[in-house]
Amino acid sequence: MVSRYSIIQYVPNPIANERINIGVVAFSDQEVRVQFLSNWERVRNFGMENIDFLTNFAARMKETASRGLMFPGDEESEIPKHERLTEIVRGWRNSIQFTEPHPSLADVDKLLHDIVEDFLVDPHNSLINRDKSYKDIAINSSIPSLYKSKLRDRQQAARVATSSVKEAFKNWLGQENQEQFKTLIKQKYELYGKREKFKFDVAVANGNPYLLAQGLSFEINPPENSLQALSWSIENVKKCNQDLPIAVITLPPKEDSPDYLERQNIYEQSTANYLDLGADVLQEDQVPDWIEQKLNPIKQKILESVHQT
């Protein structure tokens, strides 16, 4: 009898399409088994938001599976389980998503064990496995994996962008205006462009935005859809507010990386495109000057907006 499995993923920003595995489901016509991460810290850092809704979803999934159903809201019908799940996969655009079900000849219990090993990374277990692997491999062969661990990804770039803007803005406000800081600084800021809603890592805003910033890492090869999604966001926001400052805060390619020339080419093409669309391309140390340049002319307006709310 054919079993099937699907990976349950958290997608904080469906436009950027960056995702992390949070659970797995293995099933047959007779039974459904699910398992989720036991440690959610990595997921919390990935999304940089409250993830109570994820743990609540995990609890609901476990209860649903105990009744032989596939997902919250699923009902028994003549339609096979995998077809019901496929319909959800193709129509669901929430921040919790399933991959399309894949077949397996293993029984459900064995399949669940295998996919947990392959697709779920608990921080504690990954540290144990990493220590073990270092003992089992030659020193020279460990160099690429050690190097790779030093490269920062999009989520780390988002943290760099957020922290650098927050620090620069706090200093720009001055000690006498620190009470306004929490009112004006916004993380994961959402606003509407010409056609749809977009999310930026950080903003200075109070009702209306005064500036936006997004982090992007080229230390790794960024997914093409992430680069295009950011272009789309900048272009559409600029159509509604041409003068709104938008910064792309980059982590440039490392010169000692094995594929530096390829990454540098992607970096130059992408940043040139963002500049053409009206954004400013910065590195972390350039953020304070950018904040001053963009906000100095409207400092009084910004402070008055806080007093009026």
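Derivation of every value follows stated rules applied to the coordinates shown; laboratory data play no part. The structure presented is a predicted model; accordingly, all values stated were derived computationally and were not measured. When we count neighbours, we look across all protein chains shown, and the Cβ atoms used for this are built from the backbone with ideal geometry, even at glycine.
Amide H contacts under 5 Å for G68: V32, restricted to partners 5 or more places along the chain or on a different chain, H placed in the peptide plane at 1.01 Å from N. Run through all the Cα pairs of the range 154-307 and give the fraction in each 5 Å bin from 0, expressed as whole percent. Reading upward from the zero bin: 2, 9, 19, 22, 20, 13, 8, 4, 2, 1, 0. Amide H to amide H distances under 5 Å link A247 with L212, A213, Q214, D280, where only residues 5 or more positions off or on other chains count and H is placed in the peptide plane.
Under 14 Å of direct C-alpha separation, and excluding same-chain neighbours fewer than eight residues apart, K166 reaches these aspartates and glutamates: E179, D201, E284, D285, D289, E292. Placing a pseudo-label 7 Å from each Cα along the Cα-to-Cβ vector at Q300 and D256 gives an inter-label distance of 5.2 nm. What is the angle, in °, between the Cα long axis of helix 108-119 and the longest principal axis of the Cα atoms in the chain? Nearest 10 is fine, range 0 to 90. In the chain, helix 108-119 runs at an angle near 30 degrees to the longest axis. Translational diffusion coefficient of the range 1-109 (Stokes-Einstein, Kirkwood radius from Cα pairs, 4 °C, 1.567 mPa s): 90 µm²/s. Look at (1) 1.01; (2) 1.17; (3) 1.52: the one that is Cα Rg over 2.2 N^0.38 Å derived from this structure is (2).
Using r as the Cβ-Cβ distance of V121 and I88, and R0 as 30 Å, what FRET efficiency do you calculate, to the nearest 0.05?
Numbers: r = 24 Å, r/R0 = 0.81.
Efficiency, from the Cβ-Cβ distance: 0.80.
Close amide H pairs (under 5 Å, H built 1.01 Å from N) link E18 with N13, residues at least 5 positions away or on another chain.
Bridgeable aspartates and glutamates around K294 (alpha carbons under 15 Å apart, same-chain partners fewer than 8 residues away excluded): D243, D280. In this label model, R60 and Q242 are separated by 4.5 nm, measuring between points 7 Å along each Cα→Cβ vector.
Structure note, pairs K197/K239; K188/K254; K239/K299; K170/K301; K188/K238: Cα-Cα distances above 20 angstrom occur for K188/K254; K239/K299. With R₀ set to 25 Å, the beta-carbon distance separating S77 from H102 gives a calculated FRET efficiency near 0.70. Which one of Q293, Q242, Q35 has the biggest mean-square fluctuation once the chain is modelled by GNM with Cα springs under 10 Å? Result: Q293 has the largest fluctuation of those listed.
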